[in-house]
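Accompanying notes for the structure given below.
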Amino acid sequence: MLEIRILADPDEDDGSGRTVEVRLSARPRPDEDPLEDSRLFAAGDRERIVAFVAEMLERHAAALPPPRLECCRRCDRALDPQAEGDGRRPFVCRSCQRVARDPRPAGPESAGEGVEVRFLGTGDAFGAGGKRQAAIFVRALGSRLGLLLDAGPGCHAALRAEGLTSDDLGAVVLSHFHGDHYGGVPFLELDAMRSGRSEPLRIIAPPGARERLAALRDCLYRDLSIPFEEEITEALPGETIGLPAALEGGFARALAARHQPEAWAFSWKLDLGGRTVVYSGDTAFSDELIAESAAADLLIHECTSLEALPGHTSHRELEEAASRITARRVLLVHTGEDVLGATGLAFERAHDGLRVVV
Ligand SMILES: [Zn+2]
Ligand SMILES: [Zn+2]
C-alpha cells in the first residue's frame with residue numbers, strides 16, 4: 001500500500017499555517033518494515049511539492065508495490081500490467097480475462113465506427129412485465145439502413161414507437177422459429193408494402209425459413225403478393241453470411257443454440273460497423289457461446305428465469321459464468337417475471353426503448 005499525505009499542521013509548524021509536511025509511507029510487503037519519507041514545504045509551493053513527490057516515487061520505485069490497475073467490473077482483482085495485450089486492448093485481467101480499459105477514443109456517433117443497438121422488444125413469450133417480444137434493431141453508425149434481430153409479433157409497431165419503420169431495415173435476422181421471435185415478419189411485409197418499398201428486403205434465418213415464412217403469411221393474409229424483392233437466406237449452423245452492402249457490409253455468423261430442436265435455434269454473431277455483437281436468441285446456457293462472445297463489444301443474452309428452465313438460460317448460470325464472460329458490455333433480454341422483479345443482477349437488464357452505442 002502506498003500513501004502520500006500532505007499535513008497542513010505539522011509539529012514543526014510555527015502556528016501560521018504556512019508550512020506543510022509531505023509524507024510518504026508505503027509497505028511493499030506485509031512482512032517488511034514500512035518505507036517512510038517526508039519533507040517540509042511552504043504551503044503555497046506547489047511546484048516544489050509536486051517535484052518532491054515525483055522524486056520520492058522515482059527513488060523508491062523498486063521498493064514500492066507494483067501499480068494496481070483497476071480491473072473489470074466484477075472480478076475485483078488487480079491487473080498485472082505485464083499481462084498480454086494485443087495493442088488495441090492492452091490490459092487483460094489474467095484472472096478473468098476481462099478487458100480492463102478501452103483505449104479506443106470516444107468519437108462522435110457520426111464517425112461511422114460503431115453500431116447503435118435499439119432494444120425494441122426485450123420480453124419473453126408470455127409478455128412478462130408488459131414488455132414487447134423479441135426485436136432488436138442494429139445499425140452501423142453512418143448507415144441509413146439497419147437490421148432487425150428477431151421479429152416478434154408487434155415489431156412493426158415497436159419500430160414506429162421508436163421512430164423507425166420497415167423502411168429503415170435492410171435485413172431481418174431470425175434466431176429461430178418460435179412465434180415470439182418470428183411471428184411479426186408478415187406485419188413487417190405488410191408495412192413495407194404500404195410504404196411502397198422498392199429496395200430488396202433480406203431475411204437471414206435458420207433452415208426451413210422459406211416454407212415457414214410462407215406458411216405464416218398465408219395463415220395471416222392469404223394470397224398476399226409482395227411487390228418488393230424478398231431474398232431469404234437459409235443459413236446452416238456455423239455458416240457466415242455476408243450482410244447487404246446497404247448495411248455498410250459486415251457479416252452474420254450462425255451459431256447452433258440449445259433450444260427446442262424443432263425450432264431450429266441459432267445464436268448470431270454480427271460483425272458490423274467495426275464492432276462485434278453477439279445475440280444468444282433462445283438457448284440453454286452454452287459455454288461455446290460464451291467463448292464466441294469473448295471480448296465482443298456487446299453480448300445480448302437471454303435470461304428467461306432466475307433458476308434453471310429447460311431450453312433457456314437462467315440468471316444463476318450467467319452469474320456462475322460471470323468471470324468467464326469477457327464481452328465489453330452484457331445486456332439481458334427475454335427476461336421473465338422473476339428476473340424483472342429481481343435486484344442485484346450480475347448483468348445489466350435491457351428494457352424496451354433502450355438505445356446503446358458500442
Ligand atoms: Zn423466446
Ligand atoms: Zn424459443
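Can you tell me how many residues within the range 177-221 are within 23 Å of A246 (Cα to Cα) and not in a strand (DSSP E or B)? Break it down stepwise before answering.
Our first condition is that a residue be within 23 Å of A246 (Cα to Cα); within the range 177-221, this holds for 182, 184-206, 209-210.
This time we only want the ones that are not in a strand (DSSP E or B), so: 182, 184-200, 206, 209-210.
Going through the range 177-221 one residue at a time, the tally reaches 21.
Applying the criterion of being among the small types (G, A, S) and within 12 Å of ligand 1 (Cβ to nearest atom) to the residues of the range 155-189, the residue that is farthest from F126 (Cα to Cα) is S175.
Taking the range 214-228, which residues are touching a Leu at 6+ places or on another chain (Cβ under 9 Å) and within 20 Å of S198 (Cα to Cα)? Result: R217, L224, I226, F228. Quick check: is even one residue across the range 218-228 of a type in the set (V, I, T) and modelled with pLDDT of 95 or more? No: the range 218-228 contains no residue that is of a type in the set (V, I, T) and modelled with pLDDT of 95 or more. All conditions in (1) in a loop (DSSP other than H, G, I, E, B); (2) more than 16 Å from ligand 1 (Cβ to nearest atom); (3) hydroxyl-bearing (S, T, Y) hold for T283, with the sole exception of (2). Every condition in (1) touching a residue at least 60 places away in the same chain (Cβ under 8 Å); (2) at positive phi is met by A252 except one, and the failing one is (2).
Of the residues making up the range 216-237, just one is surrounded by fewer than 14 Cβ atoms within 10 Å (Cβ to Cβ), among the aliphatic types (A, V, I, L, M) and under 33 Å from the mean Cα position of the chain (by Cα), namely L236. Only residues that are within 14 Å of ligand 1 (Cβ to nearest atom) and either among the small types (G, A, S) or in contact (Cβ under 8 Å) with a residue 60 or more places away in the chain (or both) were counted across the range 286-321, and they come to 4.
With the condition kept exactly as written, say whether any residue in the range 246-268 is within 16 Å of ligand 2 (Cβ to nearest atom) and either outside the structural domain of H351 (by TED's automatic domain parsing) or of a type in the set (K, R) (or both). Looking through the range 246-268, at least one residue is within 16 Å of ligand 2 (Cβ to nearest atom) and either outside the structural domain of H351 (by TED's automatic domain parsing) or of a type in the set (K, R) (or both). Look at (1) in contact with an Asp or Glu (Cβ under 9 Å, 6 or more places away or on another chain); (2) within 16 Å of ligand 2 (Cβ to nearest atom); (3) not in a loop (DSSP other than H, G, I, E, B) and you find that L289 fails only one, number (1).
Exactly one residue out of E317, E307 is assigned to a helix (DSSP H, G or I) and more than 21 Å from A151 (Cβ to Cβ): that is E317.
The condition (being closer than 30 Å to E348 by Cα, surrounded by 11 or more Cβ atoms within 10 Å (Cβ to Cβ) and modelled with pLDDT under 70) is satisfied by just one residue among P10, P66, P81, P28: P81.
The values are calculated or read from the model by the stated rules, or taken from the named source; none is laboratory data. Here the structure is a predicted model, which means the values were calculated and not measured. Positions of Cβ are backbone-derived with ideal geometry, glycine not excepted, and every protein chain shown enters the neighbour counts.
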